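What follows is a set of notes on a single structure, which appears directly below.
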Amino acid sequence: MLRASESRYRIAFQTSMDAMSITRFSDGVYLDVNEAALNGFGFTREEFIGRTADELNIFVDREDRKRTRDLLTFTRMPQYRIPNAEKGGETFWRSFPPPSSTSMARLAC
């Protein structure tokens, strides 16, 4: 039963069109990311895993990571938008949580 549940989770995580990541709550180190996150930010899995958003310069304003972390403690997370940066430095807006099951909205900042 557990193995089947893990398999369903892995399929849902990896095939989601929304950028998803699993991070360690204490320090924000990425433990896993899905294909949508890799495509959206322009990093390889090897560049993501074991690093933090600060190390990858994902949050344009580093305080947004703290705000995002704080909001994750709520049972229902209010929707908000923050500027993020992809690997090449291009800035785009991302909604938390995603407004629907579509990939990250890429709106020029």
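Read-outs throughout are calculated quantities, based only on the coordinates presented, and are distinct from any laboratory measurement. Keep in mind it's a predicted model, so treat the numbers as computed, not measured. Ideal geometry is used to build each Cβ from the backbone, glycine not excepted, and the neighbour counts take in all protein chains shown.
A DSSP coil position with no more than 16 other Cβ atoms inside 10 Å describes none of the GluC sites (Glu not before Pro) in the stretch 1-46.
Just add up the charged neighbours of Asn57: K/R +1, D/E -1, any other residue whose Cβ is under 15 Å from the Cβ of Asn57.
Numbers: positive: Arg51, Arg62, Arg65, Lys87, Arg94; negative: Glu47, Asp54, Glu55, Asp61, Glu63, Asp64, Glu86, Glu90.
After counting each charged neighbour, the total is -3.
Around Glu47, under 10 Å between beta carbons, what's the net of Lys plus Arg minus Asp minus Glu among the other residues? For residues surrounding Glu47, the net value is +1. Sorting Tyr80, Tyr9, Tyr30 by the number of Cβ atoms found within 10 Å of their own Cβ, with the fewest placed first, yields Tyr9, Tyr80, Tyr30.
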